[in-house]
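Below: the structure, in structure tokens.
The values are calculated or read from the model by the stated rules, or taken from the named source; none is laboratory data. Given the structure is predicted, the values throughout are model-derived calculations rather than measurements. Backbone-built Cβ (ideal geometry, glycine too); neighbour counts: all protein chains shown. For accessibility, only protein heavy atoms count, side chains too; no ligands or nucleic acids. Shrake-Rupley method; radii C 1.70, N 1.55, O 1.52, S 1.80 Å.
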Amino acid sequence: MIDSRDREIAQATLNRLLVGASVVGIRFGALQLILDPPEIAGESCINLSSAWLLYDKFPTSFPENESDIADSSFEAEIATAVSLQHKTVKSAELGDPWPHLIVTFSDGAVLYLNGKNEQYEPWIVAHYNFSPNESTQVIACPGGDVICIPSSGER
């Protein structure tokens, strides 16, 4: 589903924004994990807008559809998100053929975000440099594509 060039750019950007970053907090509303990347100024965040799961270790398979993930209460999601505090990202990968986001932490825990939705963006990884107009976003798009939008707004 994802164009190979878009996949390559998105994967490189995810690696730059997430690998080595530590989870330092959460934001409410549309639930977000806030991360502190070690080598770039500012903060990165992961919007947990689609169905997501946290595994203790890398599973043999992941759910293919959002409907395959049991609904949990907002309170349970908050507790799970808080349990990620101080964990460091070891790797970030895009699923294939759908842009599921798979984030592995240094302790072996794995965060899986569904990337398959026909109506809305299942997840967004963003970085904000605290300077005006300096942000980068990797967006899982409706229909299975992924795009990277650098701070200049150009694709």
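Quick check: from the Cα gyration tensor, does the range 78-155 come out rounded (a/c under 1.5), prolate or oblate? Oblate is the answer for the range 78-155, as a/c is 1.5 or above yet b/c matches or exceeds a/b. For K57, a cut-off of 17 angstrom between C-alpha atoms picks up these aspartates and glutamates, skipping any fewer than 8 places away in its own chain: E93, D107. Between I69 and E93, the C-beta separation translates, for a Förster distance of 30 Å, into a calculated FRET efficiency of about 0.95. Per residue, the chain exposes an accessible area of 51 Å² to a 1.4 Å probe, with every protein chain left in place. The share of accessible area on the range 14-93 that comes from carbon and sulfur is 51 percent, using a 1.4 angstrom probe.
Spread over its residues, the convex hull of the C-alpha atoms of the range 1-150 is 107 Å³ per residue.
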